[in-house]
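What follows is one structure encoded as structure tokens, with my remarks underneath.
The values are calculated or read from the model by the stated rules, or taken from the named source; none is laboratory data. Model, not experiment: these values are computed from the prediction. Virtual Cβ from ideal backbone geometry, glycine too; neighbours counted across all protein chains shown. What goes into the accessible areas is simple: the full protein's heavy atoms, side chains included, and nothing from ligands, DNA or RNA. Shrake-Rupley method; radii C 1.70, N 1.55, O 1.52, S 1.80 Å.
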Amino acid sequence: MTMGLKMGAELYYQYFTDYGLLTKTGIDIPGEASMIMHEPENIGEVELATMSFGQSFQITPVQLAVMASSVINGGRRVTPHFAVAVEDQDGNVLKTFQYEETDGIVTEEVSAQMREILEKVVSEGGGNKAYIPGYRIGGKTATSQTLPRSANKYISSFLGFAPADDPQVLALCIVYNPQGTYYGGTVCAPVVRDIFENILPYLGIEKEEALMLEDEEE
């Protein structure tokens, strides 16, 4: 909240614009929803404070994944897509699809720093239930409260990526209204770990021997 107040509403809102969160991602499937956000003139100190820790606005999971990817991939925002190419029955490529990319979302230096910080969330912090021995995993937990606050209902989530030093895959798990424990690091991080345990070997990403030795020593 202190950081949000120091930035001020105008600059904070500008960052939402720069990250592309105030527009649709342009994903190649119909029905994409838009972000729900305060109008700039309606952002007072209370709104700014709650926005600074991730509440009082809504973004879609696709928007979150695209934004997070641009932060960890060196600052390149890629239009999310399913279609890659059209082939005929013999496997000849008839058409290759192209999608818009935007550079400079963050600098390479900031991106590298964020990868390092987010890897420590998994190796040392609240996202440790996403840890896989031998792999470098980065991620961030989240636990948001839904309205009305008096209902005590939550949305738990965890966003993870791997390998942390050279991201190839990103996964996002969201659980609405979890029962009992509702922290994202407890509810969702293990789901992402299970996904990565299947995806990483499938992609041919091997475990790092040095990391395995560190785990054995611990």
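Pairs from the table (Lys24/Lys153; Lys24/Lys140; Lys129/Lys153; Lys24/Lys129; Lys6/Lys129) lying more than 25 angstrom apart at Cα are Lys24/Lys153; Lys24/Lys129; Lys6/Lys129. Cα centroids of the stretch 131-148 and the stretch 57-76: 14 Å apart. Say R0 is 35 Å: what FRET efficiency, to the nearest 0.05, do Glu208 and Glu45 get from their beta-carbon distance? With R0 = 35 Å, the Cβ-Cβ based efficiency is 0.15. Classify the chain as rounded, prolate or oblate from the Cα gyration tensor: take a ≥ b ≥ c as the square roots of its eigenvalues, call it rounded if a/c is under 1.5, otherwise prolate when a/b beats b/c and oblate if not. It comes out oblate by the Cα gyration axes. Charge dipole (Cα centre; +1 on Lys/Arg Cβ, -1 on Asp/Glu Cβ; no other charges) of the chain amounts to roughly 960 debye.
Scanning the chain for long hydrophobic helices, with DSSP H runs required to stretch 24 angstrom or more by C-alpha along their axis and to average at least -0.5 on the Kyte-Doolittle scale, returns nothing. In the complete set of protein chains, residue-level accessible area for His38 is approximately 50 Å², probe 1.4 angstrom.
If the chain linking Gln168 and Ala112 were pulled fully straight, counting 0.36 nm for each residue of separation and taking away their Cα-Cα distance, it would gain 18.7 nm. Relative contact order of the stretch 113-206, taken over Cα pairs closer than 8 Å and 6 or more residues apart, is 26 percent.
Modelled spin-label separation between Leu11 and Arg149, with each label point placed 7 Å from Cα along the Cα-to-Cβ direction: 2.7 nm. Carbon-plus-sulfur accessible fraction, the chain (probe radius 1.4 Å, protein heavy atoms only): 53%.
The heavy atoms of Lys207 present about 110 square angstrom of accessible area, all protein chains included, probe 1.4 Å. Once the 1.4 Å probe is applied to the protein heavy atoms, the chain comes out at 61 Å² accessible per residue. Does a label point 7 Å from the Cα of Thr102, set along Cα-to-beta-carbon, have any residues of the stretch 55-72 with amide nitrogen under 11 Å, and which are they? Those under the cut-off are 67. Taking all Cα pairs closer than 8 Å and separated by 6 or more residues, the relative contact order of the chain comes to 14 percent.
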